[in-house]
Amino acid sequence: MNQRIPVVEKILNANDRLAAENRRLLDEHGVFAINLMASPGAGKTSLIEQTVPRLAAELRLAVVDGDIATSLDADRAAAAGAIAVQINTGGDCHLDAVMLQQALAQLDLRAVDLLIVENVGNLVCPASFALGTHLSVLVASVPEGDDKPYKYPGMYRGVEALVINKIDLLPYVPFRMDYFRQGVELLNPGLRTFPLSCRTGEGLEAWLDWLRGETRRRQGEHR
Ligand code: MG
Ligand code: ZN
């Protein structure tokens, strides 16, 4: 039974090596990249749609969309004004560093400031596969329930920022923000959070400010 563990470790190590190559490539070209993860329906694509047009005047944006079968999300990102590349994972429930490497090869990285990678909707394995992006961002949403940090600790532990989407629904669903935040704090103390609503626009400014700031800061470090 233990025979299988070294194989899995080898695959993950190979992935880490490729992720490091991706990171080098991004840094060489002054691209700041985030890995956007969430369960299906939390609002990753909606967040991209709200983010792209609001930053387009200042930053050159690209989106890499991981999807199991369709190009619907990449189409929405492109419609919002981003350069969009679609990765069909062919059934895989997460992106890995090879897939991102192939997507990066399709982009003119010299013409990109901020790259948003939309991972496959899944709260489990995307957390285990480094892509080479600089920061991981989790999108949670109010209708999913306030118990998600407790049920998916690996995901909540591994991210550098947390968007809490659909706060406009707080009056209508039994979501205890205190209980949710307690779980987050337990797993990832001091995690930066952005409560917002992609539907009403409430809270978006803080998220955009953070993205602007991080992009400029990282670019400054590598130029
Ligand atoms: Mg999506
Ligand atoms: Zn997976």
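Bear in mind that the values in this text are calculations on the coordinates, not laboratory data. Everything quoted here is computed from the prediction, not taken from an experiment. As a convention, Cβ positions derive from the backbone with ideal geometry for all residues, glycine included, and neighbour counts pool all protein chains shown.
Between 200, 89, 133, the Gaussian network model of the chain with springs among Cα atoms under 10 angstrom shows the greatest mean-square fluctuation at 200.
Considering only 80, 124, 15, the residue lying farthest towards the positive end of the dipole of the chain is 15, judged by Cα position with unit charges set on Cβ. Taking GluC sites (Glu not before Pro) across the stretch 1-76, the ones in a DSSP loop with at most 16 further Cβ atoms lying within 10 angstrom of their Cβ are 58. Near residue 173: Cβ cut-off under 10 Å, other residues only, Lys/Arg at +1 and Asp/Glu at -1. The net charge is -1. On the basis of the beta-carbon distance and an R0 of 35 Å, residue 147 and residue 221 show a calculated FRET efficiency of 0.40. Cβ crowding within 10 Å, taken as a proxy for footprinting-reagent exposure, orders 99, 155 from fewest neighbours to most as 99, 155.
The HN-Hα couplings worked out from phi for the stretch 41-49 by the Karplus form 6.51 cos²θ - 1.76 cosθ + 1.60 (θ = phi - 60°) are x, 6, x, 4, 5, 4, 5, 4, 4 Hz, whole numbers, x standing for Gly and Pro. In a shell of Cβ-Cβ distance under 11 Å around residue 73, excluding residue 73 itself, what net charge do Lys and Arg (+1) and Asp and Glu (-1) give? Around residue 73, the surrounding residues sum to -3.
Shape class of the stretch 4-216 from the Cα gyration tensor (axes a ≥ b ≥ c, square roots of the eigenvalues): oblate, since a/c reaches 1.5 or more and a/b does not exceed b/c. A simple count of charges around residue 126, restricted to other residues whose Cβ falls under 14 Å of its Cβ and scoring Lys, Arg +1 and Asp, Glu -1, yields -3.
Sequentially through the stretch 111-117, phi angles give Karplus couplings (6.51, -1.76, 1.60; θ = phi - 60°) of 9, 10, 9, 10, 10, 9, 9 Hz, Gly and Pro residues having no value and appearing as x.
For the stretch 85-180, the set of trypsin sites (Lys or Arg not before Pro) satisfying both a DSSP loop assignment and a count of at most 15 other C-beta atoms within 10 Å is given as 176. Summarising the amide proton neighbourhood of residue 163: residues at separation of 5 or more, or on other chains, whose placed amide H is nearer than 5 Å comprise 138, 139, 140, 194.
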